[in-house]
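The structure under discussion appears below in the form of structure tokens.
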Amino acid sequence: MKMPSNMTKGFTLVELITVMLITGIISMMVVNLITAPMEAFSDMKRRAELVDIAEITLHKMAREIRRALPNSIRISTVGTVTSIAFLRTIDGGRYASTGSNIFEVNKLINRFELAKSLANLTDADVIASPYSLVIYNLGQTDADAYQGDNITTITGLPLSPDTEVTFNNFSFPFSSPNDRFMVVDTSVVFMCDTLMKQMKFYSGYNFRVDLGGTAVPVDMTQGNLLADNIASCDFKYHPGSATRAGLVTLTISINDAQHSNETVTLLHQIFVENQP
């Protein structure tokens, strides 16, 4: 029978299913082509964020550690908490070898003249906030600021220009071979707890062991959060020698447990002055 000329032939069921299968295959191929670069971009972004957190943390630590009082760095591990502590210097200089008030050892003194004015402190500064004077810190018996052997509180920079420093009566056990003194403003500790997965920064605690303090606190309830998602920490300190600077090595790993469980590890080394 001849079909009318105005009628259009439709698709058969087999043809329709074939088209759907081909379309599905093409769609899957397109999705795979798009998904792979998107996942790669997401992974790269996540790694970059982890690296950024680790770098910021290490740079903050390095900036503070470079200001450490010579031979004051202490590293301790108690349980899951690893800490690196030190006394932070804010200024320093040389005491005068001649004049009416010169530095003397094994004698109660409360002032001495300076070779030149301090760069960062004025009389108003030391009156408003406590600063400590340290001479010849070796970190050893009889020359350890943590034990109170060679440290006293500054009371003023009375002359103008400030070429003299006054302090609480104190008998220093040693002089510096280079006539040097250091001014300390605070104690600093970085605490890494792998159980809590946190890195904290804490300053201003009582570091004087002779006054009931502790050189390296490990109380993670104290301080400000510096970074979280910390998987591991490793702090090392090589004191160097009389002719070579000390070296601090910091290694931290940060983990992205919420997404890919990926971990990045960064290492940073800092040279520190160890000549008192």
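Where a number appears in this text, it was derived from the coordinates with a stated rule and is not lab data. The shown structure was predicted, so the numbers you read here are calculated from the model rather than taken from an experiment. So basically every Cβ, Gly included, is an ideal-geometry build from the backbone, and we count neighbours across all protein chains shown.
Quick notes on this one:
- Note on the range 48-272: with charges restricted to the Cβ of Lys and Arg (+1) and Asp and Glu (-1), its dipole about the Cα centre is near 400 debye.
- Relative to the current alpha-carbon distance between residue 120 and residue 234, full extension at 0.36 nm per residue lengthens the span by 37.7 nm.
- Difference of contour (0.36 nm per residue) and Cα-Cα distance, residue 55 to residue 219: 56.6 nm
- Of the options [x] 15.8; [y] 25.9; [z] 13.6, only one is mean projected area of the Cα convex hull in nm² as computed from these coordinates, and that is [y].
- Remark on residue 247: its backbone amide H falls under 5 Å from those of 238, 240, 272, a criterion applied only to residues 5 or more positions apart or on other chains, H modelled at 1.01 Å from N.
- Just checking the listed ones, 213, 24, 204: in the Gaussian network model of the chain with Cα springs under 10 Å, the one fluctuating most is 24.
- Placing a label point 7 Å from the Cα of residue 245 along the Cα-to-Cβ line, the residues of the range 65-84 whose backbone N sits under 17 Å from it are 65-73.
- Degrees, to the nearest 10: 13-65 long Cα axis against longest axis of the chain: 0
- Working note: 222 nm ellipticity from helices only, DSSP H runs with n ≥ 4, each -39,500 (n - 2.57), summed and divided by the residues of the chain, gives -7500 deg cm²/dmol to the nearest 500.
- Neighbours of residue 148, meaning other residues whose beta-carbon lies under 12 angstrom from its beta-carbon, give a summed charge of -3 when Lys and Arg score +1 and Asp and Glu score -1.
- When 233, 192 are arranged by Cβ crowding within 10 Å, least crowded first, meaning fewest neighbours, the order is 233, 192.
- Rounded to whole numbers, the Karplus 3J(HN,Hα) couplings from phi for the range 219-224 are 7, 6, 6, 8, x, 10 Hz, using 6.51 cos²θ - 1.76 cosθ + 1.60 with θ = phi - 60°, and x at Gly and Pro.
- Antiparallel bridges, percent of DSSP beta bridges restricted to the range 48-272 (to nearest 5): 100
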